[in-house]
Amino acid sequence: MNKATAAAGTSLLSPTDHTLVLIDFQSQMAFATHTIDISALRNNAALIAKGAAGFKVPVVLTTVAEKSFSGPMFPELPAIFPGQTVFDRTSMNTWEDQPVIDEINRIGKHRLVLAGLWTSVCIVGPALSAIDQGFEVYVVTDACGDVSVEAHERAVTRMVQAGAVPITAVQYLLELQRDWARSATYDLTTGIARDHAGGYGIGIQYAKTMFGAQEGGH
C-alpha cells in the first residue's frame, strides 16, 4: 500500500523550474483570432506575465515579422518587462530561431510554459519541437487563440497527444503560489487575481473589503 506524504507532486509547476515563453502576441495575429475575445486574451496574457514577473520566473518574449507585417507586441507585455529583449523572428516556429534557442539554453530550464498566437502554428511548432528534444512543455490554452475553434482545439489535442500539458491562466498563477501561507507572495498573487481573474477577483475584493478575509488562516 502506498503511504501518503504532505508533499507536492513533481509535475506541478514552481517558480524556479520553468521558463515562460510568450509568442507573437501581436496586432496582426490578434485581428484574425476568433476563438477567444481579444480583451479576454489580453487579460489572460497579462495575468500570466505579471505572475511570472512577480515570482521571478525567467521569461522569453518573441515576435514574428514585427516591422514588416505582424506589428508590435501587445503593449502591456513590454510594460510588464521593461527593457527586456524581444526576439523578432522570420520563422513561424520559434524553436527554429537560433537567438531564441540561445536564450532558452542560457536560462537552462528543462520545463517550458508556452502561450501565444496562433495555437495551431506558433504554439504547436515550438511545443512539438521542444518535446522532441526532451523538454517538458505546458501550454496555457486560454492565453492562446486561433482563426477558428477547430484549429485551436485540434492544435491542443495534437500537443496533448505528443505529451504537452494543458493549463489555464488562473491555474498557472495559483500553482506558482500553491500555499496561501506563503506570505511573501500572498499580496502579489491576490492582487493579480483581483485585477485579472474575473468573478474570482471580484470575490477577493469583496471579501477583503467587507470583512478583511485572508486565505492563509484556518
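The values are calculated or read from the model by the stated rules, or taken from the named source; none is laboratory data. The model shown is predicted, which means the values in this text are computed figures rather than measured ones. All Cβ positions, even for glycine, are placed from backbone atoms using ideal geometry, and neighbour counts span all protein chains on display. When the accessible area is computed, the model is the full protein with side chains, heavy atoms only, and any ligands, DNA or RNA have been set aside. Shrake-Rupley method; radii C 1.70, N 1.55, O 1.52, S 1.80 Å.
Here are a few things to note about the model shown:
- Rough spin-label spacing in nm, given labels placed 7 Å along Cα→Cβ, for T168 and T209: 2.4
- For the chain: rounded, prolate or oblate by the Cα gyration tensor [a/c cutoff 1.5]: prolate
- Qualifying aspartates and glutamates (Cα of each under 20 Å from Cα of K109; at least 8 residues distant if same chain): D17, E96, D97, D132, E136, E175
- Probe 1.4 Å, protein heavy atoms only - accessible area per residue of the chain in square angstrom: 49
- Calculated over region 69-157: convex hull of Cα atoms, volume per residue (Å³): 112
- Shape category assigned to region 48-121 from the gyration tensor of Cα positions, a/c cut at 1.5: oblate
- If both residues of a DSSP beta bridge must be in the chain, then about 5% of such bridges are antiparallel.
- Length-normalised contact order for region 1-86 - Cα pairs under 8 Å, 6+ apart - percent: 39
- For region 167-188, the residues whose backbone nitrogen is under 20 Å from a point 7 Å from the Cα of E153, taken along Cα to Cβ, are 167-169.
- Helix runs (DSSP H) in the chain reaching 18 Å along axis by Cα, Kyte-Doolittle at least 0.5: 38-54
- Between region 50-84 and region 138-153, the C-alpha centres lie 19 angstrom from each other.
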